[in-house]
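The values are calculated or read from the model by the stated rules, or taken from the named source; none is laboratory data. Being a predicted model, the structure only gives us computed values, none of them experimental. No Cβ is skipped: glycine too gets one built from the backbone with ideal geometry, and neighbour counts run over all protein chains shown.
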Amino acid sequence: MMLETFKSEVLPLKNRLFRFAYSILGDHDLSKDVVQETMLKVWEKRNDLLTIQNLEAWCMTLTRNFALDKMRSKHHKTMALIENFDKENNERSPYQLAELGNTLEVIDKIVGNLPLKQNETFQLRDIEGFSYQEISEITGYNINDVKVNIFRARKTIRTNLLKLNSYGLEKSKNAS
């Protein structure tokens, strides 16, 4: 792989790799380190890259492995679902933006408390947009395990949100 090919095929993945590392580690600096380690590893293996069928999935796998290594070596805080929530939307009122921001914070906490497999597969599917097959290749999990973990993660998120929302309704009904 030549430098130009590296720049055109691997470097554009850095933001996606960072988000994935951040979803596992929840630490901005550690996630940047993981992405840097991934890029270095890809550069070291540049001569072998022609044998790799899905470069993006391979890079995500490297990122996952480096992030898990970092997580095992240090205690860290939980991840944030949406780091840069864009509140510059003129179509919504300030009240709607505040409510949406609060809901995203709640979802972030729920996702942060999911078991690692559920958290990881949920991030890859619903945040990064990977297919089940790609997630299976990235994580090394059986495709059926991927589907089950995503289903369970979504169900947990939905159940917890419904509990919070119905609690608010029940509380206001009882107060009346």
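Data table
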| item | result |
| --- | --- |
| Verdict on R46 being of a type in the set (K, R), touching a residue at least 40 places away in the same chain (Cβ under 8 Å) and closer than 21 Å to N119 by Cβ | no |
| Total residues in region 93-129, condition part of a loop (DSSP other than H, G, I, E, B), within 11 Å of the chain's Cα centre (by Cα) and surrounded by 13 or more Cβ atoms within 10 Å (Cβ to Cβ) | 1 |
| Cross-chain or 6+ apart pairs with Cβ under 8 Å, region 117-129 first and farther than 14 Å from L25 by Cα, then of a type in the set (S, T, Y) and not in a helix (DSSP H, G or I) | T121/Y141 |
| Given (1) aromatic (F, W, Y); (2) modelled with pLDDT of 75 or more; (3) surrounded by fewer than 19 Cβ atoms within 10 Å (Cβ to Cβ); (4) closer than 25 Å to H28 by Cα, number of the condition Y132 does not satisfy | (4) |
| Meets criteria (among the acidic types (D, E), touching a Lys or Arg at 6+ places or on another chain (Cβ under 8 Å) and outside the structural domain of K117 (by TED's automatic domain parsing)) for D27 | yes |
| Selection count, region 136-166, where residues are modelled with pLDDT of 90 or more, surrounded by 13 or more Cβ atoms within 10 Å (Cβ to Cβ) and of a type in the set (D, E, K, R) | 4 |
